[in-house]
Amino acid sequence: MAEEKSQASSSKMLTLKASDGVLFEVELNIAKEMKTVQAYIDDCEDIETIPIPNVLGKHLAIVIEYIKKTNEEYDAEFEKQWNMDDLQLLLLAANYLNISGLQECLCKAIAKRIENKSPEYVRKVFNIENDHSPEEEAKLRKEYKWAFEGVDKD
Amino acid sequence: MRRLKNSTAAASTVDTISSLPDAILCHILYFLTTKEAVATSILSKRWIHLWHHVHNLNFPDIKVETVRSSVLFNEFVYSVLLSREIIAGYNVMNSFTLDIRYDNPHLAFDLGFPNIRKWINVAVQRKLEHLCIRLDVDNLDDNGLDYDADYPNLPVSIFTCRTLVSLDLCWFRVKGFSFSGFQFPSLKTLNLKWVNFSKVRDFMLFIAGCPILEDLHISQMDFFLEKDSLTLQLQEFKRLSLPKLKRAEFVQFGCQCFPVNALSTVEYLCINTLKVNQLQRPYDVVTIFHNLTDLLLHYHNRWDLVLHQCPKLQNLQLSKGLCDPMWCEKGQENWVEPEFVPQCLLSSLRSCTIHDFSDLQSELMLEQYILKNAIILQTMTIWCKTEQPEMESKLSICPMASETCELSLCC
């Protein structure tokens, strides 16, 4: 459940600097939802600008918006807007910034997009290169036979 | 012919997913079925062992129709459990979901259930938080005599699993466990369907042992009580309290000693069962439902009292379901006009839906009473099986307390 983000209780503002230099001014209690940022603040109390080297401005904006608005309804609609590339980059960001709610939401979303799809489809969607030898792959398919029965070729 | 996807960004040819740490990839796999998770082992070398570190078993839709498929499935589950333990040293299981249907009793009772019991026994020792086991067997009648065909026995090891947060069971018999001193200290969600407790007292002690329960669904469970034991049970469980309960749903549930006051904190309540009088005792204990905003009730013959008990009610639904006409007439009393208008009509009731309307006089009077007194009512919807022109005309000329109320009659 999202905390009440009232201006009155913590009006202290912080600046976050994305990897491409874009700056975001956010309230302290929003920034604190990012545990990585929280750790930064704990270490240096007077800091005003915090660098976020691994996250593009475009994605940081989305992350901040998520923190402000998250609730059951918002989360259900949230993932529908993004393509697979953005989802993965957002997940990287959520992981780096250590925001567990967003991470869970994104993992669920990505899972949803690959459920009941063939391995070939999943490789394509994620751009995974198959470095198994044909023998290795055959061995795996045989060992867990049941897992490979009746899947969409898509 | 397949068109290749043309994407503008260079990023789409990059294998971003592989730069995510293992723990994140496992988190994604957690939301897949176990079948899908295991299949990812052939994506690439990186993915061979990732599914070993996913701490759940998720089989949401399994159909076993032949001996071969039964054997294959059983083998698969055992090899998953074994691989995880041996290769990954894994001894935590967060969630176990199995929704399985067997084509005939032989597959179920001889090949299936003994193994399911073993898997449950393993799972509950691993700090399990979510357990959902739903069983179904087709063609039961054909072979009923060969099997103790009522319900497989639930492994009682479940009741020692104190880490459970949600429990969902369908089609089990519960016996051989003493429920005195029983506790599920973390259980928030309970969903029971066709679960047969050998003694109703066991069932009541079970519920009483779930102090932080928030969501309760009970369906297709019937307890027959002898008259002597009924008074005892009523006394013993009169003070049952579920202070965190938010939602309660009872479908085809008959239990005369279940105290309605235990439901007093709910926001959503659905009682859809023929034996509604068996759930609510005559009003020796008047319970006020302070948080109740949504109520779905099988037809009740003392609506005046019910309305008074729900001062914040917003949405009301009334249905008869499988009401047999004989029973309806017996429970039929003249509509009793309340002495003073119930609070919910004056300040909170927004919508009222009546299902299976018939031309019973008392029903019509209830509807008219609501229309006349519900000040902020937005919609009154009445579903009937056949056209009821007389009722229609009576209701449409009825004075309405709410100017914005929309009355709909549907067939």
Next on the checklist: With the structure loaded, tell me whether B:THR40 is under 32 Å from the mean Cα position of the chain (by Cα) and either of a type outside the set (A, V, I, L, M, F, W, C) or open to solvent by 30 Å² or more (accessible area, probe 1.4 Å) (or both) or whether it fails that test.
Outcome noted: no
Checklist entry - Before we move on, is A:PRO119 at the interface with chain B (Cβ under 8 Å from one of its Cβ atoms), at negative phi and out of contact with any strand residue (DSSP E or B) (no Cβ under 9 Å at 6 or more places or on another chain)? => result yes
Checklist entry - Counting only residues that are of a type in the set (Ser, Thr, Tyr) and either assigned to a helix (DSSP H, G or I) or open to solvent by 50 Å² or more (accessible area, probe 1.4 Å) (or both), which one in the stretch A:63-75 is modelled with the lowest pLDDT? => result A:TYR74
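Looking only at the stretch A:80-92, decide whether some residue is within 7 Å of another protein chain (Cβ to nearest Cβ) and basic (Lys, Arg). Steps first, answer last, please.
Filtering the stretch A:80-92 down to residues within 7 Å of another protein chain (Cβ to nearest Cβ) leaves A:85, A:88-89, A:91-92.
Okay, now just the ones that are also basic (Lys, Arg), so none.
No, every residue in the stretch A:80-92 fails to be within 7 Å of another protein chain (Cβ to nearest Cβ) and basic (Lys, Arg).
Please enumerate the residues belonging to the stretch A:115-149 that are outside any helix (DSSP H, G or I) and under 30 Å from the mean Cα position of the chain (by Cα).
Answer for the stretch A:115-149, where residues must be outside any helix (DSSP H, G or I) and under 30 Å from the mean Cα position of the chain (by Cα): A:GLU115, A:ASN116, A:LYS117, A:SER118, A:ASN127, A:ILE128, A:GLU129, A:ASN130, A:ASP131, A:HIS132.
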Checklist outcome for this item: Residues of the stretch B:125-135 being modelled with pLDDT of 95 or more and either closer than 19 Å to B:SER70 by Cβ or open to solvent by 10 Å² or more (accessible area, probe 1.4 Å) (or both), in sequence order, are B:GLU129, B:HIS130, B:CYS132, B:ILE133, B:ARG134, B:LEU135
Checklist entry - What helices (runs of 4 or more DSSP H) completely inside the stretch B:330-411 contain at least 1 residues that are within 34 Å of the chain's Cα centre (by Cα) and in contact (Cβ under 8 Å) with a residue 24 or more places away in the chain? => result B:343-347, B:361-373
Checklist entry - How do the pairs read when you match residues in the stretch A:76-89 that are closer than 18 Å to B:HIS27 by Cβ and open to solvent by 20 Å² or more (accessible area, probe 1.4 Å) with residues anywhere that are polar (S, T, N, Q) and not in a helix (DSSP H, G or I), using Cβ under 8 Å and keeping only pairs 6 or more apart or on different chains? => result A:LEU89/B:THR16
Checklist entry - Is there a residue being open to solvent by less than 10 Å² (accessible area, probe 1.4 Å) and within 19 Å of A:MET13 (Cβ to Cβ) anywhere in the stretch A:41-49? => result no
Next on the checklist: Within the stretch A:15-22, does at least one residue satisfy the condition of being more than 25 Å from B:THR16 (Cβ to Cβ), modelled with pLDDT of 90 or more and out of contact with any Pro (no Cβ under 7 Å at 6 or more places or on another chain)?
Outcome noted: yes
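For residues that are closer than 30 Å to A:GLN38 by Cα and β-branched (Val, Ile, Thr), tally how many sit in the stretch A:100-149.
Result for the stretch A:100-149: 1.
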Item to check | strands (runs of 3 or more DSSP E) wholly inside the stretch B:188-259 that include at least 2 residues being in contact (Cβ under 8 Å) with a residue 12 or more places away in the chain and either of a type in the set (Gly, Ala, Ser) or farther than 18 Å from B:VAL174 by Cβ (or both) | outcome: B:215-222, B:247-254
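Mind listing whichever residues of the stretch B:240-259 are out of contact with any helix residue (DSSP H, G or I) (no Cβ under 9 Å at 6 or more places or on another chain) and of a type in the set (A, V, I, L, M, F, W, C)?
B:VAL251, the sole residue that qualifies.
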Item to check | Set B:GLU337, B:GLU363: member being more than 19 Å from B:LEU409 (Cβ to Cβ) and modelled with pLDDT under 85 | outcome: B:GLU337
Checklist outcome for this item: The condition from (1) open to solvent by 30 Å² or more (accessible area, probe 1.4 Å); (2) more than 11 Å from every other protein chain (Cβ to nearest Cβ); (3) in contact (Cβ under 8 Å) with a residue 60 or more places away in the chain that A:ILE99 misses is numbered (1)
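The values are calculated or read from the model by the stated rules, or taken from the named source; none is laboratory data. Remember, predicted model here, so these are calculated numbers, not experimental data. As a convention, Cβ positions derive from the backbone with ideal geometry for all residues, glycine included, and neighbour counts pool all protein chains shown. Areas reflect the complete protein model, heavy atoms only, side chains present, ligands, DNA and RNA absent. Shrake-Rupley method; radii C 1.70, N 1.55, O 1.52, S 1.80 Å.
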